[in-house]
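Beneath this line is the structure, given in structure tokens, with notes to follow.
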Amino acid sequence: MGTTDILIKFGLIVIIFLISLLIAMYSTYAERKIAAFLQDRVGPNRAGPFGILQPLADGAKMFMKEEIIPTTSNGFLFIVGPSLAIMTACIGSAVIPWGETLVIGGHRIPLQVTDINVGVLYIFGVVSLGVYGIMIGGWASNNKYSLLGAIRAASQNISYEIAMGLSIIALLMTTGTLSLKEIAAQQHGWHWNIVYQPLGFLIFIVCAFAETNRAPFDLPECETELIGGYHTEYSSMKLGFYLFAEYINMFISSAVMATLYFGGYNFPYMHSLGFSENVITILGVAALFIKIFFFIFFFMWVRWTLPRFRYDQLMDLGWKTLIPLAIANIVITGIVMTFIK
């Protein structure tokens with residue numbers, strides 16, 4: 001790999017990082033507007049036209065608030081917690097194929113930071129690390145409500161990671177690869193995996209809600225029981241990191257679901273339109289982001305529609321419903337693949 005290739009990869013990393021932060025920032029605005037629409041009210045409308053500068057105002061407020069570290073907390077781990085949460089949220093985008101290939105000045109630029117042949121395992125590894133940021137922050141706060149939130153987060157994420165992993169096994173049986181780039185490439189035209197794995201997708205999206213701590217699975221930060229849960233003692237940008245990590249995780253989860261089940265950057269008849277390679281690639285990137293924005297809207301729609309589960313209901317759903325369904329889906333997929341080639 002030459003210097004030019006390294007610079008191209010570095011530029012792609014920076015662009016994806018900035019896009020992730022921008023989408024996370026304006027997801028807070030979109031969430032407020034969607035909540036306002038569903039509840040028949042106006043929403044933010046003071047900062048800028050239609051309130052579009054509200055995320056900037058919120059960011060300035062976060063930076064200007066006083067930094068507080070409780071005297072009885074573990075100071076080092078208190079800082080490590082939110083840092084780990086935001087880091088693991090950002091590095092998940094490294095293996096996602098955002099498009100095909102751009103040709104600029106004779107250089108072919110694949111719109112993927114790295115194509116490793118175990119991309120799906122990489123995503124699961126990063127997701128499993130994300131819970132440590134919440135656990136460390138909740139424990140380091142030396143607050144019983146924060147500790148209970150951290151315990152809830154750990155048990156919830158472990159439970160739903162099992163069901164999520166099992167739901168992916170059936171998909172991997174049909175695709176025969178762990179590479180996200182190959183999985184996306186196989187879904188050209190209308191050959192989307194949602195057609196072949198509808199039950200697997202249903203299990204995966206439920207687990208995605210639990211993994212991102214989104215309502216109705218927001219038990220680790222349940223304000224009606226735990227004040228603020230694992231981030232009760234946090235203020236200023238440390239709290240901002242936790243909140244940002246949730247929205248970045250929502251963005252990355254949406255990108256993964258779009259890639260695994262809804263064709264990724266593929267759209268029908270993309271190679272029969274007669275456009276140049278670069279135009280097709282740009283249209284593919286646009287198609288992927290349309291799918292991602294739909295899933296982000298769905299995350300928000302569910303949050304402001306369904307009530308929060310009780311904790312015993314949350315665990316029952318994971319262990320007694322989703323895991324058996326995921327195992328049954330693997331068995332059914334194996335039978336279909338054996339008898340219907």
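None of the figures in this text is laboratory data; all of them are computed from the coordinates on show. This structure is a prediction, so every number in the text was calculated from the model and none was measured. For neighbour counting, all protein chains shown are included, and Cβ atoms are generated from backbone atoms with ideal geometry for every residue, glycine included.
Observations
- Each of 253, 216, 263 was placed along the dipole of segment 211-275 (beta-carbon charges, centred on the mean Cα), and the one lying farthest toward the positive end is 263.
- Among the trypsin sites (Lys or Arg not before Pro) in segment 13-64, those placed in a DSSP loop whose Cβ has at most 15 other Cβ atoms within 10 Å are 41, 46.
- Within a straight-line Cα-Cα reach of under 20 Å, residue 291 can be paired with the following lysines, leaving aside sequence neighbours fewer than 8 residues apart in one chain: 33, 181.
- Segment 200-250 has equivalent-ellipsoid semi-axes of 23, 14, 5 Å, by the square roots of 5 times the alpha carbon gyration tensor eigenvalues, sorted largest first.
- Remark on residue 102: its backbone amide H falls under 5 Å from those of 109, 111, a criterion applied only to residues 5 or more positions apart or on other chains, H modelled at 1.01 Å from N.
- Across segment 226-242, computed HN-Hα scalar couplings (Karplus, 6.51 cos²θ - 1.76 cosθ + 1.60, θ = phi - 60°) run 10, 6, x, x, 5, 10, 4, 8, 8, 9, 6, 6, 5, 5, x, 4, 4 Hz from first to last residue, x flagging Gly and Pro.
- Orientation-averaged projected area, Cα convex hull of the chain (nm²): 20.0
- Reported to the nearest whole Å, the Cα centre-to-centre distance from segment 119-137 to segment 1-45 is 21.
- Stokes-Einstein D in µm²/s, Kirkwood radius over Cα pairs - segment 175-292 at 4 °C with 1.567 mPa s viscosity: 79
- One compactness figure for segment 78-147 is 1.57, namely its Cα radius of gyration divided by 2.2 N^0.38 Å.
- Whole-Hz ³J(HN,Hα) from phi, Karplus 6.51 cos²θ - 1.76 cosθ + 1.60, for segment 264-279, glycine and proline x: x, 7, 6, 9, x, 6, 5, 9, 10, 7, x, 7, 6, 4, 5, 5
- Crossing angle, helix 323-339 versus the chain [Cα axis fit, 0-90 degrees, rounded to tens]: 0
- Evaluating 6.51 cos²θ - 1.76 cosθ + 1.60 at θ = phi - 60° for every residue in segment 33-49, the Karplus couplings come out as 5, 5, 4, 5, 5, 5, 9, 6, 9, 8, x, x, 8, 9, 7, x, x Hz, glycine and proline recorded as x.
- Protection-proxy order for peptides 5-18, 290-303, each taking the mean of Cβ atoms within 10 Å per residue, highest first: 290-303, 5-18
- Computed helical MRE - 222 nm, the chain, DSSP H runs ≥ 4 contributing -39500 (n - 2.57), nearest 500: -22000 deg cm²/dmol
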